[in-house]
Amino acid sequence: MLRDLKNILQVIIGIISVGMGIRGFLMSSHFIDGGVTGICMLIATGFDIPISILLVVINAPFIIIGYRRMGLSFAVKTSLAIGGLALSLAFIPYPDVTPDKILTALFGGLFIGTGIGLAMRGGAVLDGTEIAALLLSKKSPILKVSDAILMMNVIIFTAAVFVLGVEPALYSIVTYFAAAKMIDFVLNGIEEYTGVTIISEKSDEIKKMIIEKVDRGVTIYKGKSGYGKRGQRSVDYDIIYTIMTRLEVGTLQREIDIIDDNAFIIYQSINDIKGGIVKKRAFH
């Protein structure tokens, strides 16, 4: 029950935050965001249709797709979230904060990104773009979800040039990138995780350093060297794999260099993890 209440609270705060970004900053300057929300804002500006109505109508097909792909719970949460956003835009008297275009673009994106990120953490989405991108990527063997989102936003901002003009369209792109960075920050936080794979002839020393000095767990894979610039070799190695926050990677690199500056290291970004001791403070 506490988890459900927390999720509901996150979605409500997210709705209010997105509403503030749209009404309090963007719409008075005729700027837009990307995705379905951007399409609604573009149509609302060009044809003087209430954005609250457009949000419900244009997102409806994507909610149906989400129901078929991700189940009833997701569809209900998303429907309530988008309906709540539409109601907030229709009835909450958001203040028009500033006429400054740079501040409008940056803080409009900040509020929208924060709101979308919080809603996603609560298990709902406030924009059907991700659902549409998932559908497009499924139908194309070479198109990833991120590519589909980028392609849709290129079309939206190109249309904005003709409807709003060049300058508002350019400021809208700034808004979109600010929102995208805030979504990433809200979902992943400053402690975004990095998976580190280490291949070294001194694997025992490195393993001991990570466990004792860095206070991290390790997973050991058995590996064998292949053919490289030093010729074909048949030497068994312990391949070390560990996970830590990106703030700690630089210190880990320095510690490894002290032991073996020829170690082969692979870094991989990880969005989220569960369990383990990653969230303990390291490098004491």
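The values are calculated or read from the model by the stated rules, or taken from the named source; none is laboratory data. Here the structure is a predicted model, which is why all the values come from computation and not from measurement. For neighbour counting, all protein chains shown are included, and Cβ atoms are generated from backbone atoms with ideal geometry for every residue, glycine included. With ligands, DNA and RNA removed, areas are computed over all heavy atoms of the protein, side chains included. Shrake-Rupley method; radii C 1.70, N 1.55, O 1.52, S 1.80 Å.
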From 202, 208, residue being exposed (fewer than 14 other Cβ atoms within 10 Å of the Cβ) and either on the phi > 0 side of the Ramachandran plot or modelled with pLDDT of 85 or more (or both) = 208
query = Any idea which of (1) closer than 24 Å to residue 3 by Cα; (2) modelled with pLDDT under 90; (3) among the β-branched types (Val, Ile, Thr) is the one residue 114 doesn't satisfy?
reply = (2)
key: Tally of residues being out of contact with any Lys or Arg (no Cβ under 9 Å at 6 or more places or on another chain) and crowded, with 18+ Cβ neighbours inside 10 Å across region 174-195   = 7
key: Where a residue in region 6-31 is in a helix (DSSP H, G or I) and its partner, wherever it lies, is hydroxyl-bearing (Ser, Thr, Tyr) and surrounded by 24 or more Cβ atoms within 10 Å (Cβ to Cβ), with Cβ under 6 Å and at least six apart   = 25/104; 29/104
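Residue by residue, here is whether (1) touching a strand residue (DSSP E or B) at 6+ places or on another chain (Cβ under 9 Å); (2) under 20 Å from residue 8 (Cβ atoms); (3) open to solvent by 10 Å² or more (accessible area, probe 1.4 Å) holds:
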residue: 36; (1), (2), (3): no, no, no
residue: 61; (1), (2), (3): no, no, yes
residue: 64; (1), (2), (3): no, no, yes
residue: 69; (1), (2), (3): no, no, yes
residue: 74; (1), (2), (3): no, yes, yes
task = Just name the residue that is most open to solvent (accessible area, probe 1.4 Å) out of those in region 1-31 that are of a type in the set (Val, Ile, Thr) and over 19 Å from residue 95 (Cα atoms).
result = 8
ask   = Among (1) surrounded by fewer than 16 Cβ atoms within 10 Å (Cβ to Cβ); (2) under 23 Å from the mean Cα position of the chain (by Cα); (3) touching a residue at least 40 places away in the same chain (Cβ under 8 Å), which single condition is residue 50 missing?
value = (2)
request  = May I ask you to list the residues in region 237-282 that are modelled with pLDDT under 75 and in a strand (DSSP E or B)?
outcome  = 245
task = Return only the number of the condition from (1) part of a helix (DSSP H, G or I); (2) modelled with pLDDT of 90 or more that residue 93 does not satisfy.
result = (1)
